[in-house]
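Following: one structure in structure tokens, then a few remarks.
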Amino acid sequence: MDAADLKHYLADAPPTIVRLEIEKHFEPLSDQQKRYAHFISRAAWAGTRIVLRCVSPESESIFDLILALHKSSGGDWKALQAKAGISDEELDQFLQYAAQFLGNNGNYKSFGDAKFVPRCSESAFTALAATSPEADGFYKATKGAIFSSQPSSVMHLGYPENGHMTTYYPNSPDILQSEIEAVSAWMGAKGLLPENTRVTKTKDGVFEILIASANTTVPSEGGDIGKETTYSITDGPLAGKTIKLVYGDYSKEMALITENIKKAAENGDNETQKNMYNAYAKSFETGSLLDFKDSQRFWIRDKGPMVESNIGFIETYRDPAGIRGEWEGFASIVNLERTKAFGDLVNAAPSLIPLLPWGKDFEKDKFLAPDFTSLEVLTFAGSGIPAGINIPNYDDIRQTEGFKNVSLGNVLSAKAPNEKIPFIAEKDLELFRKYRDDAFEVQVGLHELTGHGCGKLLQETSPGVFNFDKENPPISPLTGKPVTSWYKPGQTWGSVFGSLAGAYEECRAELVAMYLGCDFPTLKIFGFGDGSEDMDGEAGDVLYASYLSMARAGLASLEMWDPKSRKWGQPHSQARFSIFQCFLQAGEGFCTLEHSGDDVAGAVINLDRSKILTVGRKAVGDYLQKLHVYKATADVEAGGAFFLGMTEVDADYWGRKIRDEVLRVKQPRKVFVQANTFLDEQTGKVSIRHYEPTLEGIIQSFAERQV
């Protein structure tokens, strides 16, 4: 990779570091609730090395290198600098890299899946590592991968056969995408869920499915598909091959997680919480995802807790196949005041969902009202922190038992000082700065609750049994004719749409939020306006800021598109770019990107506020209707082609000119410094410790977690 290309992969200088404020929300908890939160936090952070091992082979050694240098220096980085004989600039560049590495839990960005490399020289790293024998050992274990950018494909996560990086398929450089898909299909037919697995292909051509569990042998009562662990395949694309189930992936970490999970169960406020954490413990001990699904059922039933949490192999964005989960866990405290607005939104949801552009045949028979809470994050362990969450991701549970929504308040409100806002016209800057946080909270609320929470999958739930009238099938609003496709027994949304599912569903949920955000009674729920349609009032300001924010996010998403592979590196970015294209294609001057001829420097978005409720909403509704119906009917052929068409990047204009400008003005993503909790074994009391929002502060916070 040449220097011009490599500059886009350099670590942020400096990364934007902000602190998640939590103390005032943590202190009012009872001692028992504090212990509950503490043990959940310990369990969540105990999975840090699992995340690292799923990013790259070198990530865990880099992590240990950083902590070893902190240990050897006692946190006195200036003294370490003097010992290493490096300059102030080189020390700063090392610390910038270390902070960004810890904030992403690996050397690939959690948002975008692109590798980042230090700005300092290899000699500076070598000199720092040489100050400690322990650190030097970890540095040598990276085998030069910290700085390596060859081949260029290794700078992005993806399938091994394309030269991309992934450790969801460890030590298997010759495993093919078709083989991964065939193993996944075999697992689906067997009923073996994939979220807590990795797959490796041995030199003998045996496919080993590695199952995360504290136990290294099949459970005494049998695993999720019985006690057998070796299967000889006689037909299909894997005919003549062998598949083995191997228990005990991450066994040391899973044992520590289970130990803390059991202590959390002991400190639950009620039987539901205790049952939930006992189900977690059983799952993490044995590797059973059927037990994990039980934990999620208890989680849904745990209504209105003061300490909210979830933990496990949850989101599947980083697996190139889109089905294997990344470890994450969070513990948070409910903000009762902000939660009230979300409660009102839940109550309004049954009247909002019928406003969406499809009939009742494409919607659940009954909206299952979830808990929807505003949370202040104490701990979020994983590769990154979202602004909102809608889980569980299991459609069979969501369709019949429900789900939960959470908005992460102190993540939403965390501010970066002196942040620049490219692509927003000067005339809109004051309004945008004033209302973008409010607009984002509305967007997150509608996205998580009504976006991910709406919609019915037309299914043949078991042979000959349908969740719709097979003799008189629903009429598609796209064709005016009866639907001809649906999900067959054993098929799920994820298994049918595969790696496309993440970006597709995020786009659908974002569009739902943009569509329902035009409903002024909904804006009133969040405290804006009196419910009457008034584009010139404060509610109109929030709506305008929301559409501007989505357009800007879509434009900035080009950072996540790789011109060499012509692939998107982040599902949310792919989704938002397509929505920006939807705005541009709406016509009638609704949305344009303005710049001076071929000179795209200083390009700004021009969006006609007066046409949001007409041209804009219609364009959003038409796009949303197509995505929703294709999803509901399992029409991956039409849906996939349509969505990929909307996310196609013109190589010359968008992929070169505009993307270069996006990269030129991009702002560093936030890196969050999180607090730690400490238990006094004598008194049973838990204390909390905050850290400074500095490069040194984030390193210290990780060092004191001892993960």
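The values are calculated or read from the model by the stated rules, or taken from the named source; none is laboratory data. Note that the structure is predicted; figures quoted are calculated from it, not measured. Cβ coordinates were reconstructed from backbone atoms using ideal geometry, including for glycine residues, and neighbour counts include every protein chain displayed.
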Within segment 379-421, which residues are closer than 24 Å to ASP437 by Cα, in contact with a Lys or Arg (Cβ under 8 Å, 6 or more places away or on another chain) and in a loop (DSSP other than H, G, I, E, B)? SER383, ALA414, ALA416, ILE421
Boolean, ARG398 is of a type in the set (D, E, K, R), surrounded by 20 or more Cβ atoms within 10 Å (Cβ to Cβ) and without any contact (Cβ under 8 Å) to a residue 60 or more places away in the chain: yes
Leading residue by the ranking (surrounded by the most Cβ atoms within 10 Å (Cβ to Cβ)) among those in segment 188-212 that are in contact with a strand residue (DSSP E or B) (Cβ under 7 Å, 6 or more places away or on another chain) and within 20 Å of GLN491 (Cα to Cα): THR197
For segment 1-26, name all the residues that are of a type in the set (D, E, K, R) and closer than 23 Å to ILE698 by Cβ. ASP12, ARG19, GLU21, GLU23, LYS24
Would you confirm whether any residue within segment 177-197 is basic (Lys, Arg), farther than 30 Å from MET560 by Cα and in contact (Cβ under 8 Å) with a residue 24 or more places away in the chain? yes
Odd one out for ILE175 among (1) buried (at least 19 other Cβ atoms within 10 Å of the Cβ); (2) touching a Leu at 6+ places or on another chain (Cβ under 9 Å): (2)
Residue among VAL154, VAL206, VAL246 that alone is under 24 Å from the mean Cα position of the chain (by Cα) and free of Cβ contacts under 8 Å to residues at least 40 places away in the same chain: VAL154
Result of the Cβ filter at 8 Å on segment 470-482, keeping first residues that are farther than 15 Å from HIS628 by Cα and partners that are part of a loop (DSSP other than H, G, I, E, B) and not hydrophobic (A, V, I, L, M, F, W, C), at least 6 apart or interchain, is PRO473/THR484; PRO482/ASN472; PRO482/PRO473; PRO482/PRO474; PRO482/SER476
Every residue in segment 273-297 that is under 25 Å from LEU29 (Cα atoms), hydrophobic (A, V, I, L, M, F, W, C) and surrounded by fewer than 20 Cβ atoms within 10 Å (Cβ to Cβ), please. none
Find all pairs meeting these conditions: Cβ atoms under 6 angstrom apart; at least six residues apart or on different chains; first residue within segment 160-174 and in contact (Cβ under 8 Å) with a residue 24 or more places away in the chain; second residue assigned to a loop (DSSP other than H, G, I, E, B) and basic (Lys, Arg). TYR168/ARG324
Within segment 117-173, can you find the residues that are of a type in the set (Asp, Glu) and in the same structural domain as LYS71 (by TED's automatic domain parsing)? GLU122, GLU134, ASP136
Those residues of segment 690-699 which are out of contact with any helix residue (DSSP H, G or I) (no Cβ under 6 Å at 6 or more places or on another chain) and either assigned by TED's automatic domain parsing to the domain that holds ASP598 or assigned to a loop (DSSP other than H, G, I, E, B) (or both) amount to HIS690, GLU692, PRO693, THR694
Can you confirm whether segment 296-304 contains a residue that is of a type outside the set (Gly, Ala, Ser) and under 19 Å from GLU326 (Cβ atoms)? yes
Name the strands (runs of 3 or more DSSP E) wholly inside segment 596-682 in which the number of residues that are surrounded by 18 or more Cβ atoms within 10 Å (Cβ to Cβ) and in contact with a Pro (Cβ under 7 Å, 6 or more places away or on another chain) is 1 or more. 670-673
Exactly one condition in (1) more than 30 Å from ASN347 (Cβ to Cβ); (2) at pLDDT 95 or above; (3) surrounded by fewer than 18 Cβ atoms within 10 Å (Cβ to Cβ) is not met by SER476; state its number. (3)
For segment 626-647, check the following and say yes or no: at least one residue is touching a His at 6+ places or on another chain (Cβ under 8 Å) and either without any contact (Cβ under 8 Å) to a residue 12 or more places away in the chain or on the phi < 0 side of the Ramachandran plot (or both). no
Are any of the residues in segment 336-355 buried (at least 19 other Cβ atoms within 10 Å of the Cβ) and within 30 Å of MET155 (Cβ to Cβ)? no
Go through (1) of a type outside the set (Ser, Thr, Tyr); (2) in contact with a helix residue (DSSP H, G or I) (Cβ under 6 Å, 6 or more places away or on another chain); (3) in a loop (DSSP other than H, G, I, E, B) for ASP438 and report which single condition fails. (3)
Per the filter on segment 432-452, residues β-branched (Val, Ile, Thr) and more than 20 Å from the chain's Cα centre (by Cα) are none
Give segment 166-212 a look and list any residue that's of a type in the set (S, T, N, Q) and at negative phi, or say none. THR166, THR167, SER172, GLN177, SER178, SER184, ASN196, THR197, THR200, THR202
Looking at LEU408, LEU412, LEU368, LEU378, which one is in contact with a Gly (Cβ under 8 Å, 6 or more places away or on another chain), closer than 26 Å to THR677 by Cα and among the hydrophobic types (A, V, I, L, M, F, W, C)? LEU408
